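The values are calculated or read from the model by the stated rules, or taken from the named source; none is laboratory data. These numbers come from a predicted model, not from an experiment. Cβ placement follows ideal geometry from the backbone for every residue including glycine, while neighbour counts extend to all protein chains displayed.
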Amino acid sequence: MKTLLFFLNADDINEITGHHHGSIKYHPDKLLLYEFVMDKIREQLGFKHSEPVLLRYYPSGKKYFQCQSYMIHFNISYSEGCCVFVLSIWGNVGVDIEVIRSKSSGFYQHVMEMTFSDEEQNLVQSDSDGSFFWECWTAKEALVKYSGAGLMYDLKTIIHTAHGVYWPEMNYRLSLIKMRLGAAVISLVADPACELDILGYSGLPVSEIQTSMLPVLCSGR
C-alpha cells in the first residue's frame, strides 16, 4: 500500500453522506466520511469489508486506524466544500487544504498577524497573486497536524521560505509536498521516501493536481 491522498469535492461528499450540507467540518453525517475512509483501507490492504478497522488515539490525541497487524496513519482536512484525507502504513502524515479566498477577508489578516513571522509577512506582501499566504498557512498546519501538537503550537517558529520549511522541533528528515488543484492549495508532510498516489472519489488518479516538494529543515539556517 502506497501513501494515498484522496481529494473529495462537495458533490463527492454529498454522495457519501446522502444529502447536502454547507460545512463539511461540521457535517451531521461526518462519521460516514470515516466509514468511507475505512472502506478504502480495507480495499487497499485486500481485506474483506467485515474486517474490523478500529479508530485509536495516540497520547497526543491524534487519531490512527488499527486493522489486524497494521497501524494506518491518516489525516483529514476540510475547506470550503472540499476534503482531503491521506492514508499511510509507512509512517506518520499531516495534511491541510485551503481554498484560496480574498485577501480582504478577516481570516487572512488575523492568521497572518498571529502565525506568520516578519519574514513571511514580507513575502506575502510582495506576492502578486496571494498564493504564498495559503501555501505558507497550509504548510504550518500540516506540520503541527503531523506532530500532533495542535494549533496551540507557536506557528511563528515554523518559517516557510522558497528554499524549504524551517521547523525547530524537527530532528529527522521530512518532506513537504505542495499541491494545487484549481483554487485549492494542499500541503502534505510525510517521510521523504513515501510513494504518493493522488486519487479522486472514484479511486482514479487525479492527474490535474500540480505538485512540488520542499525539504523540512532543522532550525539552523
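Any chance region 203-218 includes a residue that's buried (at least 21 other Cβ atoms within 10 Å of the Cβ), within 20 Å of Gly94 (Cα to Cα), free of Cβ contacts under 8 Å to residues at least 60 places away in the same chain and among the hydrophobic types (A, V, I, L, M, F, W, C)?
Quick first cut of region 203-218, residues buried (at least 21 other Cβ atoms within 10 Å of the Cβ) only: 216.
Next, only the ones that are within 20 Å of Gly94 (Cα to Cα) stay: 216.
Remaining after also requiring free of Cβ contacts under 8 Å to residues at least 60 places away in the same chain: none.
No, region 203-218 contains no residue that is buried (at least 21 other Cβ atoms within 10 Å of the Cβ), within 20 Å of Gly94 (Cα to Cα), free of Cβ contacts under 8 Å to residues at least 60 places away in the same chain and among the hydrophobic types (A, V, I, L, M, F, W, C).
For region 80-165, please list each of the helices (runs of 4 or more DSSP H) lying entirely inside it that holds at least 2 residues being crowded, with 21+ Cβ neighbours inside 10 Å and out of contact with any helix residue (DSSP H, G or I) (no Cβ under 9 Å at 6 or more places or on another chain). Quick ask: steps written out before the conclusion?
On the way: elements: 106-115, 118-125, 131-147.
Fully inside region 80-165 and qualifying: 131-147.
So that you can scan it fast, the table gives a plain yes or no per residue for (1) over 16 Å from Phe65 (Cα atoms); (2) in contact with a Lys or Arg (Cβ under 9 Å, 6 or more places away or on another chain); (3) at pLDDT below 80:
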{"residue": "Thr3", "(1), (2), (3)": "no, no, no"}
{"residue": "Asp12", "(1), (2), (3)": "yes, no, no"}
{"residue": "Ser23", "(1), (2), (3)": "yes, no, yes"}
{"residue": "Glu35", "(1), (2), (3)": "no, no, no"}
{"residue": "Asp39", "(1), (2), (3)": "no, no, no"}
{"residue": "Leu45", "(1), (2), (3)": "no, no, yes"}
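Taking only region 96-144 into account, find how many residues are of a type in the set (Gly, Ala, Ser) and modelled with pLDDT of 90 or more.
So the count comes out to 3.
Would you call Leu55 aliphatic (A, V, I, L, M), out of contact with any Leu (no Cβ under 6 Å at 6 or more places or on another chain) and either at pLDDT 85 or above or surrounded by fewer than 16 Cβ atoms within 10 Å (Cβ to Cβ) (or both)?
When the stated conditions are applied, Leu55 passes them.
Between a residue in region 103-131 that is in contact (Cβ under 8 Å) with a residue 24 or more places away in the chain and any residue that is small (Gly, Ala, Ser) and surrounded by 11 or more Cβ atoms within 10 Å (Cβ to Cβ), which pairs come within a Cβ distance under 8 Å, given they are 6 or more apart or on different chains?
Within 8 Å, the pairs are Lys103/Gly130.
Restricting to region 166-190, give me the number of residues that are in a loop (DSSP other than H, G, I, E, B), crowded, with 17+ Cβ neighbours inside 10 Å and modelled with pLDDT of 80 or more. Explain how you work it out, then say what you get.
Initial filter on region 166-190 (in a loop (DSSP other than H, G, I, E, B)): 167-173, 182-183.
Those left that are additionally crowded, with 17+ Cβ neighbours inside 10 Å: 167, 170.
Then drop every residue that is not modelled with pLDDT of 80 or more, which leaves 167.
Residues in region 166-190 being in a loop (DSSP other than H, G, I, E, B), crowded, with 17+ Cβ neighbours inside 10 Å and modelled with pLDDT of 80 or more: 1 in total.
Can you find, within region 91-125, the residue that is farthest from the chain's Cα centre (by Cα) among those that are charged (D, E, K, R) and closer than 11 Å to Trp137 by Cα?
Result: Glu120.
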